[in-house]
Structures are given as structure tokens and as C-alpha cells.
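Working notes, structure below.
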Amino acid sequence: MKQFLLVMLGVLSPLLCFSHQWETVLPDSVTITNGFINGDNTTELVGRAGNDGAYIKVFGDGRYEMATFPAPEGKQLLFQNLIPLDNGGYFISGKATSDPSNYYLGELMVMILDEDLNVTYGRMFEVEDGFLGFADGSAVMDDDGTIALLETAWRQQPNNPNSYQAKGALFRFAQSGECLNCHYLLGNPPDPVYYMNQIRDQKMMNDPYSGQTIALSGGQGGEQSLLYFDYDFNLTDDCFIYDTCFSPWEMDRYVSNPHVGYWYNANEMLLVADQRDTDHYINKPHLLIGKMNREGAIFEKVEINKPDTLFYAYGGMAYANDSTVYVGTRCHTVNWLYPLYPHAYLLSTELEILGKVELWDELNYFVRAIFPTNDGGCVLCIKGDGLFYDEPIVKIIRFSREDFNPIPCSVKKVPRETIKALAYPNPATDELNIDISGLMMGNKEHHIQITDAWGHICMDRIIRGEGDVLTLGVSALKTGAYVYRVYNADRDLIKDRFVKE
């Protein structure tokens with residue numbers, strides 16, 4: 001028997017001031033936690049609706065269906081992971097909690113749904129003795145079709161009942177729902193598992209080259225843990241490390257909310273995380289996107305919304321296909337004051353910033369999820385924080401690649417006498433030409449960057465080709481003043497201002 005309520009709605013909201021294809025507003029009681037996007041651009045999401053677990057399917061035109069699953073008596077049910085199964089059904093995991101003030105901490109609920117969303121299997125897992133409950137979790141499907149799930153088990157610190165620590169609990173499930181393995185991760189210094197103290201900032205993934213399961217987690221004091229497991233969840237001795245990304249003591253950095261989900265090759269992966277200086281939250285967080293090797297070292301990076309700008313990034317997620325990276329995040333004003341607003345960046349997989357959208361109409365929203373579509377666009381899920389609303393509000397917004405206003409960039413050879421100025425025409429309407437004829441480009445990689453009046457990066461691209469004039473298509477930029485600079489790893493080569501009419 002179907003144990004859910006199915007609702008069919010198709011209301012599209014009026015267009016906002018930013019460009020997008022459509023927008024859908026979900027009911028006030030809905031919270032979104034996770035999901036994926038299909039090849040037909042259907043977005044499938046899970047979360048919570050009121051006290052019940054929720055599954056939401058958003059179609060390619062903005063219509064959506066929502067199915068709710070009753071919580072156990074006296075509890076709230078929050079779905080946190082959604083994995084499509086080979087038979088068309090779904091693996092879902094989440095939390096059932098009796099504490100209305102913390103619906104992220106409770107018993108682990110695992111469910112199997114068929115393709116019609118009938119519940120074919122359901123089981124509750126209680127945390128081991130000494131722990132208070134499970135919190136956030138992350139799941140992936142391995143190559144053999146089993147599902148690996150990393151959960152957070154919270155307990156009080158020894159000799160300090162007012163302090164808590166979190167340790168990992170790894171599960172493996174068959175697609176029928178059967179639990180094949182359960183393995184707790186407990187350690188003491190210098191064991192890297194010890195540093196998974198803040199394991200709720202974690203991401204599970206498969207290494208497509210070694211076949212190992214990997215967990216990237218935030219850690220105690222800002223340290224990070226990059227852990228490699230074999231099929232039985234044993235840590236592999238030769239390839240797990242801690243203190244990855246940046247050490248807060250050696251590099252004067254603090255990194256949290258790490259997310260990895262894209263591999264360049266057998267030794268390089270994409271990392272997106274918050275980065276701030278060592279005095280933690282007070283000191284100007286910004287968004288870091290970089291290439292990280294298997295040892296946790298970041299050797300290429302781009303920092304979005306740097307600390308000397310008005311708005312600071314906090315929180316981010318990256319999703320990529322073979323040529324495009326989408327990163328969603330939010331910005332606070334100086335000293336963490338409201339309002340905050342969501343925005344999203346479009347990058348190449350070479351970490352070039354191609355464009356962005358800033359959702360100024362959505363003050364006090366933050367990005368909950370972002371997914372790439374098969375036509376080069378993305379679907380953005382944002383949530384209001386409830387500060388100015390009776391209930392938080394969730395919106396699903398569909399953008400095309402063009403909505404991010406990518407700036408075309410090309411280099412061409414022209415007769416020297418046709419070059420009119422260092423940058424022309426200025427003011428510019430459609431194109432801006434920059435004289436690079438006097439630069440010794442050599443073998444170094446050179447970039448062209450444009451920032452707006454607030455210091456926000458609008459684009460940052462590698463200059464490719466040979467010629468005398470660099471031409472930028474600036475028609476999509478808003479009217480105003482901008483700074484452009486041509487630079488390499490050593491220094492700025494050209495830096496000046498222009499006006500977009």
C-alpha cells in the first residue's frame with residue numbers, strides 16, 4: 001500500500017529582476033537537503049515537509065510533484081540522501097528525531113522505494129551506546145551496485161558533559177535495503193579519524209581511478225580529513241591523511257564545508273570550501289575553488305569574493321560536467337550583518353570564471369543545492385532563512401548558461417595603426433578592445449579579469465591565441481564602472497578602468 005500523499009502542482013512565479021527560464025516556489029513547510037538531476041533535466045529532491053519526510057520531483061518546465069512519508073509517532077522525519085536504484089526505485093536515508101529543536105539528530109531511517117514510490121523496505125537504526133544520535137550523512141553507490149553511507153554519530157566529550165564530539169559510522173547496503181556492514185570510526189590523536197570532529201561538513205565519493213571510497217570532512221580546529229577506504233571500510237594505510245587543504249597554524253587559514261565531486265585525472269580533484277583567516281568566523285570568509293591532489297595539497301585555486309571586498313562568501317557547492325563547473329553560495333555584508341543574498345558562479349573546469357548571477361531580489365536566502373543540466377545550464381535550489389517569514393521558503397530556479405552572462409574573449413591580429421587606445425571604445429556598449437601588442441606573453445599563462453565597482457569578479461579567463469588586440473564581449477554587463485587587468489602569476493601587466501553604457 002502506498003504510504004504517502006501525492007500532490008500535483010504547477011504554479012510558476014512571476015519573473016524576478018534577474019534573468020532565468022522559470023521559477024517554482026515550494027510550500028512553506030518544505031526543507032530541501034539533497035538530490036540529483038536526470039538526463040531529461042528532471043530534478044529529484046528529498047527533505048522534509050512539516051513533520052514528514054518529503055520527495056519532490058521538479059520537471060523540466062517547472063511543474064513539480066511532492067510525495068510525503070509519515071514520520072513515526074511522536075517524531076519528525078527528515079530525508080537526507082536520495083540514490084536512484086537499478087530497478088527504477090530509490091534508496092533514501094534520513095533522521096527520525098523526537099527533538100523539535102534539532103531535527104538533524106536522531107535515529108537513522110533507511111527506506112527503499114519502488115518506481116511508483118511505494119515503500120518496499122524500511123528500517124530504523126539506533127546509535128551505539130554512549131552516543132546521542134546520528135546527524136548528517138552522505139551516500140554514494142559503488143561500482144558493484146551497493147550503497148555506502150557515512151553517518152555522523154554524536155556523543156558527549158569525555159569528562160566534559162557540556163561539550164560534544166562527532167565520529168563517523170559507515171554503513172553498506174544492498175539495493176534491497178539489507179545492511180551488509182556497519183563500521184564505526186573512532187580514533188585518538190594522531191589518528192586522522194580523530195580530526196573528523198565536525199564530520200557534518202563531509203562529502204562521500206567514489207574514486208573512479210582506484211575504486212576506493214573517499215570521505216572528505218571538516219575537522220577539529222579547522223583541520224581536514226581526507227580518508228580512503230577499501231570495500232570493507234578499512235582505512236588504507238598508504239593513502240589517508242589529515243590536516244589537508246590549509247593548516248590553520250601553518251598557513252593562517254581556516255577551511256570548512258569542503259565539497260569534492262569532480263576528478264580531473266587519477267591524482268587531481270576539484271575542491272570547493274569556505275576559507276577564512278585564523279580568527280575564525282569574525283575574519284572575512286570567502287570562497288575557495290581549487291584543484292587538490294590525493295595528499296590534500298591545493299596547487300591551483302581561485303578565491304571568489306576576496307577578503308578586501310564588501311561582500312564575503314560563506315557556504316558553497318560545486319557541480320561539474322566535462323566542461324562546466326557551477327558553484328552556488330551566499331554573501332554576508334560586513335561583520336556578518338543581514339541581509340545576505342545568494343549567488344552562483346559559472347566556471348570552466350580549468351577554474352576560469354566565465355560569469356555569475358546575483359539574486360539580489362532573494363535577500364536572506366541561501367543556496368541549498370545546485371545541479372548542472374544537460375544543455376549547459378543549471379537548476380538552483382535556494383531557501384529563505386525565516387528571518388522575515390513565518391516559515392522558510394524554498395524556490396527552485398532554472399538558469400540557462402546565457403543567464404550567467406559569460407563574456408566572450410578572443411585575440412586577433414590587427415594593423416598597428418587601427419589600435420586607437422589602450423582600451424577602446426570607452427565607454428563600451430558591445431565590445432571592449434584592449435591593446436596587448438606591447439606585452440611579452442612568452443610561455444607564461446596570462447589571464448584577463450574584470451571586476452565591478454564592489455570588487456566582485458565578473459570574469460577571469462585565460463588568454464588564448466596570439467595577436468595584438470584582446471576583444472571582450474561586454475554587452476551582457478550591467479551599466480556601470482569596471483576594472484580590467486591583464487596579469488600572470490608574477491604580476492599585473494595592464495590594469496585600468498572602463499565604463500559600460
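The values are calculated or read from the model by the stated rules, or taken from the named source; none is laboratory data. The shown structure was predicted, so the numbers you read here are calculated from the model rather than taken from an experiment. Note that we place each Cβ from the backbone using ideal geometry, even for glycine, and neighbour counts take in every protein chain shown.
Here are the numbers:
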quantity	calculated
Failed item in (1) surrounded by fewer than 22 Cβ atoms within 10 Å (Cβ to Cβ); (2) at pLDDT 90 or above; (3) within 26 Å of the chain's Cα centre (by Cα); (4) not acidic (Asp, Glu), with PHE125 passing the rest	(3)
Leading residue by the ranking (farthest from the chain's Cα centre (by Cα)) among those in segment 323-340 that are modelled with pLDDT of 80 or more and of a type outside the set (Val, Ile, Thr)	SER323
Candidate set: segment 464-477, residues that are free of Cβ contacts under 8 Å to residues at least 60 places away in the same chain and touching an Asp or Glu at 6+ places or on another chain (Cβ under 8 Å); chosen: the one surrounded by the fewest Cβ atoms within 10 Å (Cβ to Cβ)	SER475
Cross-chain or 6+ apart pairs with Cβ under 9 Å, segment 450-463 first and outside the structural domain of GLU431 (by TED's automatic domain parsing), then surrounded by 19 or more Cβ atoms within 10 Å (Cβ to Cβ)	none
Tally, over segment 377-394, of residues that are closer than 19 Å to LEU347 by Cβ and modelled with pLDDT under 90	0
Strands (runs of 3 or more DSSP E) lying entirely in segment 387-501 (those with 3 or more residues that are of a type in the set (A, V, I, L, M) and within 25 Å of GLN21 (Cβ to Cβ))	394-399
Count - residues of segment 230-243 that are modelled with pLDDT under 80 and in contact with a Ser or Thr (Cβ under 7 Å, 6 or more places away or on another chain)	1
Residue selected from segment 137-170 under the condition outside any strand (DSSP E or B) and polar (S, T, N, Q), by the criterion modelled with the highest pLDDT	THR146
